[in-house]
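> What follows is a single structure, and I will ask about it in a moment.
The values are calculated or read from the model by the stated rules, or taken from the named source; none is laboratory data. Given the structure is predicted, the values throughout are model-derived calculations rather than measurements. Here Cβ is always computed from backbone atoms with ideal geometry, including for glycine, and neighbour counts include all displayed protein chains.
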Amino acid sequence: MRRVRRLVVIMLSVGVVLASLAALAKPLLLRVVTRQLAQVFIDSRVQVSRCGIHPFSRISFQGVSVQRDGAYRLSLDDVSIEYSLSSLLRFGLKAVVIEGVRLRLHTPAQPLARAVDYLALKKGGGLKIGRLLAKAVELDIKASDIEGVIGADIVVDPLTQRFLSGKISLPRGRSQGIELTGAQAEITGSNTVAISVAEAGYNKIRVKDIAAAVRLDNPQVFVDSLSARVFGGTIQGSGRVGLSLPSEYAAALSAEGIDLAVLQQELDLGEKVDMTGRVNGELALGGKSRFFKLLNGVFSVVEPGGALVIKDQNFFEYIANSTHQPLEVIIAGFQNYRYTLGNAKLYLQNDQLMLDIVLDGLQGKFSLNIALHDFQK
């Protein structure tokens, strides 16, 4: 019995000593961490409000804030560094858990990549981290090349640089002329992400209800099982996108039920032509940033065909001169042209988006060439 009491007294004494040492160590640890953060975040104001020490399991910091006027403001509600005796013997940490991350980075005159100029990062060294968890992340980014508000909860394996699980939301975003609305991503496996986007826009084109499986294979992102709605029809396909900015990309798509009336409206062709009918086809595209290097498509008309009304007087004069027929005959024949068969070709010619159409109907065969000038400006 005496041995038990003695053991209890010893354990209590050790606990009191450790608690006293932890209490004494807190102010010193706060100063050290604040100084280290100030060395990393150049010319910034750093504050760490509180520190908690559990000698055998973790050290935590609360109320972390870093601010540089005219550039960014970063705040962390809680940072917990978890370890064990065995992990320390292996020169590692079990996990780092960060909760309540809020970053506001507004540098509209500079690209996002220049944000690293605000940091003085040291390469190599340090303890190995088993898991990195970031919870309740809120990012408000506004740079010259990208803009958006992002929310996230993620788990990362820093040793392999792979995402293990998590969810990311982007209510709105803009980059390289592409606008996104209602984007979400869920990490479903090792570097595999299921994404959905309510709407994406580029220039005059709007693509809706986008869904795809995305996998990361540095330095590229591969997109599989892509589906979306565009121009009143649907598209399916696959592609890849480079991670570095300006990003390079390529895709192969198949289209079904594309509505020519919707295409005419969204590409703002109403002053030159009215079109009805639907088409199916294949499209290959590739480029860098917002500029296309490759854009080739071949499409065919879906039964029962449709109608074509030409409004461009210059086009009538061109056909009349080419066929040596009176202008009145050309206008009468093609003001309301009904077709049952047809093919179309979409391609780039310098900075113009070209659409060549060949139709066949009761009024004869008809060819049409449409050029959308300054498409990539």
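> Within the stretch 263-282, identify whether any single residue is at positive phi and among the charged types (D, E, K, R), and answer yes or no.
yes
> From the list R104, R114, exactly one residue is over 18 Å from K167 (Cβ atoms) and either at pLDDT 90 or above or of a type in the set (G, A, S) (or both). Which is it? Spell out how you get there, then give the answer.
On the way: R114 fails: either at pLDDT 90 or above or of a type in the set (G, A, S) (or both).
Just a single option satisfies the conditions, and that option is R104.
> Identify the residue in the stretch 188-198 that is buried (at least 17 other Cβ atoms within 10 Å of the Cβ) and at pLDDT 90 or above and, among all such residues, is nearest to L226 (Cα to Cα).
I195
> Consider Q352 carefully, then state whether it is loosely packed, with under 13 Cβ neighbours inside 10 Å and not charged (D, E, K, R). So that I can check it myself, show each step before the final result.
Working: loosely packed, with under 13 Cβ neighbours inside 10 Å: no; not charged (D, E, K, R): yes.
In short, no.
> Look at V149 and say whether it is surrounded by 13 or more Cβ atoms within 10 Å (Cβ to Cβ) and out of contact with any Asp or Glu (no Cβ under 9 Å at 6 or more places or on another chain). Spell out how you get there, then give the answer.
On the way: surrounded by 13 or more Cβ atoms within 10 Å (Cβ to Cβ): yes; out of contact with any Asp or Glu (no Cβ under 9 Å at 6 or more places or on another chain): no.
Criteria not met by V149.
> Also, I was wondering about something else. Suppose we filter the stretch 258-279 for residues that are at pLDDT 90 or above and either within 27 Å of the chain's Cα centre (by Cα) or surrounded by 18 or more Cβ atoms within 10 Å (Cβ to Cβ) (or both); how many remain?
Going through the stretch 258-279 one residue at a time, the tally reaches 6.
> Can you pull out the residues in the stretch 42-53 that are closer than 24 Å to R131 by Cβ and surrounded by 13 or more Cβ atoms within 10 Å (Cβ to Cβ)? Even if it seems obvious, please write down each step before you answer.
At the first step, the residues of the stretch 42-53 found to be closer than 24 Å to R131 by Cβ are 48, 50-53.
Result: V48, C51, G52, I53.
> May I ask you to verify whether L105 is crowded, with 17+ Cβ neighbours inside 10 Å and not in a strand (DSSP E or B)? Don't jump to the end; show me each part of the working.
On the way: crowded, with 17+ Cβ neighbours inside 10 Å: yes; not in a strand (DSSP E or B): no.
So L105 fails the test.
> Another question about this same structure. Taking the stretch 120-155 as the search range and keeping residues that are closer than 22 Å to S86 by Cβ and not charged (D, E, K, R), which one is modelled with the lowest pLDDT? Give the steps one after another, and end with the answer.
Pass one, the stretch 120-155, residues closer than 22 Å to S86 by Cβ: 125-133, 155.
Now narrow it down to the ones that are not charged (D, E, K, R): 125-127, 129-130, 132-133, 155.
Numbers: G125: 59, G126: 67, L127: 74, I129: 86, G130: 86, L132: 89, L133: 91, V155: 88.
Out of the qualifying residues, it is G125.
> What are the pairs, 6+ residues apart or on separate chains, where a residue within the stretch 298-317 that is under 16 Å from Q363 (Cα atoms) and without any contact (Cβ under 8 Å) to a residue 24 or more places away in the chain has its Cβ under 9 Å from a residue that is surrounded by fewer than 17 Cβ atoms within 10 Å (Cβ to Cβ) and of a type outside the set (K, R)?
F316/L327; F316/I331; F316/Q335
> Another question, if that's okay. Any residue at all in the stretch 114-136 that is in contact with a Lys or Arg (Cβ under 6 Å, 6 or more places away or on another chain) and assigned to a strand (DSSP E or B)?
No, the conditions are met nowhere in the stretch 114-136.
> Has the stretch 207-214 got at least one residue that is buried (at least 16 other Cβ atoms within 10 Å of the Cβ) and within 21 Å of L245 (Cα to Cα)?
Taking every residue of the stretch 207-214 in turn, at least one turns out to be buried (at least 16 other Cβ atoms within 10 Å of the Cβ) and within 21 Å of L245 (Cα to Cα).
> Further, regarding this structure: I'd like to verify a number: residues in the stretch 337-370 that are in a strand (DSSP E or B), over 17 Å from F291 (Cα atoms) and among the aliphatic types (A, V, I, L, M), how many? Spell out how you get there, then give the answer.
Taking the stretch 337-370 and keeping what is in a strand (DSSP E or B), we get 337-339, 341-349, 352-361, 364-370.
Checking which are over 17 Å from F291 (Cα atoms) leaves us with 337-339, 341-345, 355-361, 364-370.
Among the residues that remain, those that are also among the aliphatic types (A, V, I, L, M) are: 341, 344, 355, 357-359, 368, 370.
Residues that pass the stated criteria total 8.
> Looking only at residues that are of a type in the set (F, W, Y) and buried (at least 16 other Cβ atoms within 10 Å of the Cβ) in the stretch 293-320, which one is nearest to L359 (Cα to Cα)?
F299
> Select from the stretch 199-223 the residues that are of a type in the set (D, E, K, R), modelled with pLDDT under 90 and over 22 Å from L353 (Cα atoms) and list them in ascending order.
Hits for the stretch 199-223 are R215, D217.
> Further question: If F292 passes every condition in (1) of a type outside the set (K, R); (2) in a strand (DSSP E or B); (3) free of Cβ contacts under 8 Å to residues at least 60 places away in the same chain but one, which one does it miss?
The failed condition is (3).
> Still on this structure: With respect to G63, is the statement that it is at negative phi and not basic (K, R) true? It would help to see each step written out before you state the result.
Working: at negative phi: no; not basic (K, R): yes.
Judged against the criteria, G63 is not a match.
> Would you check which residues across the stretch 348-369 are of a type outside the set (S, T, N, Q), in contact with an Asp or Glu (Cβ under 8 Å, 6 or more places away or on another chain) and either closer than 25 Å to E256 by Cα or at pLDDT 85 or above (or both) and list them? Before the answer, list the steps.
Within the stretch 348-369, the subset of a type outside the set (S, T, N, Q) is 348, 351, 353-362, 364-366, 368.
Next cut, in contact with an Asp or Glu (Cβ under 8 Å, 6 or more places away or on another chain) only: 351, 366, 368.
Answer for the stretch 348-369, where residues must be of a type outside the set (S, T, N, Q), in contact with an Asp or Glu (Cβ under 8 Å, 6 or more places away or on another chain) and either closer than 25 Å to E256 by Cα or at pLDDT 85 or above (or both): F366, L368.
> Next question, about the same structure. What number of residues within the stretch 76-91 are crowded, with 17+ Cβ neighbours inside 10 Å and either of a type in the set (G, A, S) or not in a strand (DSSP E or B) (or both)?
Matching residues across the stretch 76-91 total 3.
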